[in-house]
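To start, the structure under review is shown below, and the notes come after it.
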Amino acid sequence: MSDSISIRSLGSRVGETVRLLGWIRNHRSSGKIAFLIVRDGTGEVQVVVARHEVDEATWQTVTDRVAYECSVVVEGVVRADERSPSGVELTASRVEVLGDSSNDYPIQLKDAGVDFLLSKRHLWLRTSRQTAIMRIRDEVIKAIHDYFYDHDFVLVDTPILTGSIGESAGTLFETEYFDLGTAYLAQTGQLYVEAAAAALGKVYCFGPTFRAEKSKTRRHLTEFWMVEPEVAWLDSEGNMRLQEEFVTAIVGRVLERRLPELEVLERDTEPLRAVVPPFDRLSYAEAVEFLVSKGSEVTWGDDLGAEDEAILTEGRSKPLFVFDYPKSAKAFYMKENPEDPTTVKCNDLLAPEGYGEIIGGSQREDDLDKLTARIHEEGLPEEAYDWYLDLRRYGTFVHSGFGLGLERTVSWICGLPHLREAIAFPRMMSRLDP
Ligand code: 4AD
Ligand code: MG
């Protein structure tokens, strides 16, 4: 198999005889000529099989045996072809089926519904739209790691099994943990990267996080990936600057390297090109005032919902910061605003085009007494946070960080209608298979 080449690299092999391994995306034949579309994950190419140029076994194969998504080996000569999207096609000398498929391949129906497609996700992934999304997701992940590497952050992996609640008690997955009682699947790695920031200065974690979200919205998964930087000596203002540079770098990287995939998705790239610092900022109070003027029923103290976020970003092409939310709407660890103790030094970053919150970030409460009081107010068990409070007992420090949801970011960049296409095997309230 080592002498086979990828479809992507065919462009530099015009005139040569090559060997391809892949799957049949489409096939048709007349009495004298057959056309196969072969894909291999790097691209697809048309293979032309002329009856008088191949042996009888190959002709039999392409007329009687080849079926949608069967796997094949193809040998032939690469020809330049202006009409083909890849600029080349293959004139076959031999085609052999390696793995049969059948004509009742489960997903041929063009108009299959999303629920059905999700139940066949293991096969749905083979389609060009889904592979384009997966490649963009991969690019976003690489952009994230590169950004932090280039800016001297250290990757610190945080545990998935934890004893303390990271965000809110309402959405925890629990599991029994030997003699130690209940363990929770991590909702966030934040508490741990805070500890790591005191050790290393600039750190981040990037992994799966879990929320038993009972909502069936297009923005919620029960298992999603989150990247969480945490920075010592950074305040809320600096945190927002970091976010806008970071998001700009991610979008820029996709525009630079994944235009063909964005094209497959028919993504309008104009709004993405507008994503450059500085992003606009609204205080929570200003946001509520604006929303009320637009007829929203939000009142001061509520967290903002998806509809509110859509109203706030309407007509904007850049993401929008909303900062300094009420204490009552946000998590226990956020720093009380010295200028207004009813609010906390935090921000959400809302993506435009209706995508809404992609980042939640904040400066962390660094005062031991205030943080302890917040833990009590929220009814959280103080014992579980003893180690976390140590960070305030021994050399407390100004620090901030944020969490960017990978699937929400990929959905926005790709222009997807629903988060479930942004991850290979989505986990939602009503889906655990495949
Ligand atoms: O706003 P959240 O809950 O913030 C945190 O977890 C903080 N501990 C982050 C930090 O400061 N280190 O979540 C952060 C982001 C959201 O903005 C959203 O993009 C994503 O995680 N997110 C979800 N994505 C998919 N499905 C869900 N159920 C999500 N919940 C949050
Ligand atoms: Mg949030």
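Please treat every number below as a calculation from the coordinates, not as lab data. The structure displayed is predicted, hence computed values, not measured ones. Glycine also receives a Cβ, built like all others from the backbone with ideal geometry; neighbour counts cover every protein chain displayed.
Observations, loosely collected:
- With 30 Å as the limit on Cα-Cα distance, the pairs of 294/327; 216/327; 142/294; 216/330 that go past it are 142/294.
- For the residue pairs 345/370; 335/370; 202/370, the C-alpha atoms sit more than 19 angstrom apart in 202/370.
- In this label model, residue 102 and residue 13 are separated by 3.3 nm, measuring between points 7 Å along each Cα→Cβ vector.
- Full extension of the segment from residue 386 to residue 179, taken as 0.36 nm per residue of separation minus the current Cα-Cα distance, would add 72.5 nm.
- A Cβ-based charge dipole, computed about the Cα centre of the chain with Lys and Arg at +1 and Asp and Glu at -1, lands at about 1740 debye.
- Using C-alpha pairs below 8 Å separated by at least 6 residues, the relative contact order for the range 102-223 is 21 percent.
- Relative to the current alpha-carbon distance between residue 142 and residue 297, full extension at 0.36 nm per residue lengthens the span by 51.7 nm.
- Residue 115/residue 432 FRET efficiency (R0 22 Å; Cβ-Cβ; nearest 0.05): 0.95
- Across the range 141-211, C-alpha contacts under 8 Å between residues 6 or more apart give a mean separation that, scaled by the residue count, equals a relative contact order of 39 percent.
- The distance between label points at residue 366 and residue 86 comes to 5.6 nm (points 7 Å beyond Cα on the Cα→Cβ vector).
- Relative contact order, percent, the range 319-381 [alpha-carbon distance under 8 Å, six or more residues apart]: 31 percent
- Most mobile of 127, 409, 248 in a GNM of the chain (Cα contacts under 10 Å): 127
- Ranked 173, 148, criterion: other C-beta atoms within 10 Å, fewest first: 173, 148
- Among 11, 415, 43, the residue with the largest mean-square fluctuation in a Gaussian network model of the chain, with springs joining Cα atoms closer than 10 Å, is 11.
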